[in-house]
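Read the structure below first, then the notes.
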Ligand SMILES: Nc1ncnc2c1ncn2[C@@H]1O[C@H](COP(=O)(O)OP(=O)(O)OP(=O)(O)O)[C@@H](O)[C@H]1O
């Protein structure tokens, strides 16, 4: 549905000689109906990348295909047409202050020449969809940040896009509004079958809504994939960023061997403990870790200190791996200590 092939974007450096490579050979594929994330630190090229998808920026090289159309081959007029099937939601909402919520949702319909009665009907329907049916007459100044973003989402959906691009859509919101807006985005994806590409610098946002993500650093994709795969892939930088590996307490740097175990959705930690303690008779202490909900599944990273019968450790590692559990031996306690 969205396919970027070896996309590069080079800007002349602002206020000085030379150039800035904002996006450096990015390839990316997002399937129809997928909720995909692009995550990375400030300056990694996220905003440029999202603007390349709808050709608000033309790439210096590489190709961009959306909904089967090779946008990079189209003249500007046809790009403008194609852009109608790509909705966009911004960090700072970009609503027209002088218009009501309904007036903002109607705006893109006006630009596409839709008649008044149909515009009204559609705006009402969309405001109901985003939970603001009773605030149609409110102006942006009378709405909270979360409500403004809901209006902006309704506006983006007005022209019935197949793709929704979200550029830091929750970065200006508090935690409660963020949760509400993310739930809404996920629901409109489910109900309307949209493909969503969401740009964020926050791992918590990726964990809450994305099916897949790429990690961007200095304009390049460092890692990526479906979160369920990334989280159980040894040494995955994105997996480590989503669920940081636990560290052991320096005070306890003595005996025992350390195992770092990743528990994925259907392999609960009880199974790990049952194997180590119940079947192999090892003494196990949980030295660190966390279990969280990611992409609707339950994932965790545990650091286990195994003592008593350490001779059985190889057997333990073997058995857990045979059961499909990602387990890594951590060399020495001191190396992982803070
Ligand atoms: N129009 C432009 N002209 C010159 N340089 C630019 C332009 N747009 C972006 N850049 C540069 O490209 C790099 C990537 O910027 P971009 O805004 O895409 O990153 P980002 O990950 O979205 O960062 P942030 O989260 O801080 O917005 C930065 O070094 C930035 O200064």
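Across the range 192-211, the number of residues qualifying as more than 23 Å from residue 223 (Cα to Cα), touching a residue at least 60 places away in the same chain (Cβ under 8 Å) and surrounded by fewer than 17 Cβ atoms within 10 Å (Cβ to Cβ) comes to 1. Among the residues of the range 76-86, is there at least one that is under 18 Å from residue 165 (Cβ atoms), over 23 Å from the mean Cα position of the chain (by Cα) and either part of a loop (DSSP other than H, G, I, E, B) or outside the structural domain of residue 206 (by TED's automatic domain parsing) (or both)? Looking for residues that are under 18 Å from residue 165 (Cβ atoms), over 23 Å from the mean Cα position of the chain (by Cα) and either part of a loop (DSSP other than H, G, I, E, B) or outside the structural domain of residue 206 (by TED's automatic domain parsing) (or both), one finds at least one in the range 76-86, hence yes.
Residue under question is residue 282, and the condition is that it be in contact with a strand residue (DSSP E or B) (Cβ under 8 Å, 6 or more places away or on another chain), under 18 Å from residue 317 (Cβ atoms) and modelled with pLDDT under 85; does it hold? Criteria met by residue 282. Yes or no: the range 82-94 includes at least one residue that is within 14 Å of the ligand (Cβ to nearest atom) and without any contact (Cβ under 8 Å) to a residue 60 or more places away in the chain. Within the range 82-94 (the criterion being within 14 Å of the ligand (Cβ to nearest atom) and without any contact (Cβ under 8 Å) to a residue 60 or more places away in the chain), the answer is no, since none of the residues qualifies.
Looking only at the range 170-204, which residues are assigned to a loop (DSSP other than H, G, I, E, B) and more than 13 Å from the ligand (Cβ to nearest atom)? Matches in the range 170-204: 170, 173, 174, 193, 194.
Of all the residues in the range 72-81, those that are surrounded by 12 or more Cβ atoms within 10 Å (Cβ to Cβ) and either touching a residue at least 40 places away in the same chain (Cβ under 8 Å) or closer than 25 Å to residue 154 by Cα (or both) number 2. Is at least one residue of the range 104-124 within 16 Å of the ligand (Cβ to nearest atom) and either at pLDDT below 95 or touching a strand residue (DSSP E or B) at 6+ places or on another chain (Cβ under 8 Å) (or both)? No, every residue in the range 104-124 fails to be within 16 Å of the ligand (Cβ to nearest atom) and either at pLDDT below 95 or touching a strand residue (DSSP E or B) at 6+ places or on another chain (Cβ under 8 Å) (or both).
Being assigned to a helix (DSSP H, G or I), in the same structural domain as residue 190 (by TED's automatic domain parsing), free of Cβ contacts under 8 Å to residues at least 12 places away in the same chain and surrounded by 14 or more Cβ atoms within 10 Å (Cβ to Cβ) is a property that does not hold for residue 118. With the condition kept exactly as written, say whether any residue in the range 151-170 is farther than 20 Å from residue 105 by Cα, touching a helix residue (DSSP H, G or I) at 6+ places or on another chain (Cβ under 7 Å), free of Cβ contacts under 8 Å to residues at least 40 places away in the same chain and crowded, with 18+ Cβ neighbours inside 10 Å. The answer is no, given that none of the residues of the range 151-170 is farther than 20 Å from residue 105 by Cα, touching a helix residue (DSSP H, G or I) at 6+ places or on another chain (Cβ under 7 Å), free of Cβ contacts under 8 Å to residues at least 40 places away in the same chain and crowded, with 18+ Cβ neighbours inside 10 Å.
Of all residues in the range 37-71, those satisfying the criterion of being away from the ligand (no atom under 15 Å from the Cβ) and in a strand (DSSP E or B) are 61, 62, 63, 64, 65, 66, 69, 70.
Restricting attention to the range 11-36, and to residues there that are in a loop (DSSP other than H, G, I, E, B) and farther than 17 Å from residue 195 by Cα, which single residue is nearest to the ligand (Cβ to nearest atom)?
Here is the first cut: in the range 11-36, the ones in a loop (DSSP other than H, G, I, E, B) are 13-18, 31-34.
Going one step further and asking which of them are farther than 17 Å from residue 195 by Cα, we end up with 13-18.
Working: 13: 6, 14: 5, 15: 9, 16: 10, 17: 13, 18: 11 Å.
It comes out as 14.
From 232, 307, grab the single residue that is assigned by TED's automatic domain parsing to the domain that holds residue 24, modelled with pLDDT under 90, surrounded by fewer than 19 Cβ atoms within 10 Å (Cβ to Cβ) and touching a strand residue (DSSP E or B) at 6+ places or on another chain (Cβ under 8 Å).
Working: 307 fails: assigned by TED's automatic domain parsing to the domain that holds residue 24.
Only one candidate passes the filter, namely 232.
Within the range 35-59, the set of residues being closer than 25 Å to residue 296 by Cα and surrounded by fewer than 18 Cβ atoms within 10 Å (Cβ to Cβ) comprises just one member, 41.
The values are calculated or read from the model by the stated rules, or taken from the named source; none is laboratory data. Here the structure is a predicted model, which is why all the values come from computation and not from measurement. All Cβ positions, even for glycine, are placed from backbone atoms using ideal geometry, and neighbour counts span all protein chains on display.
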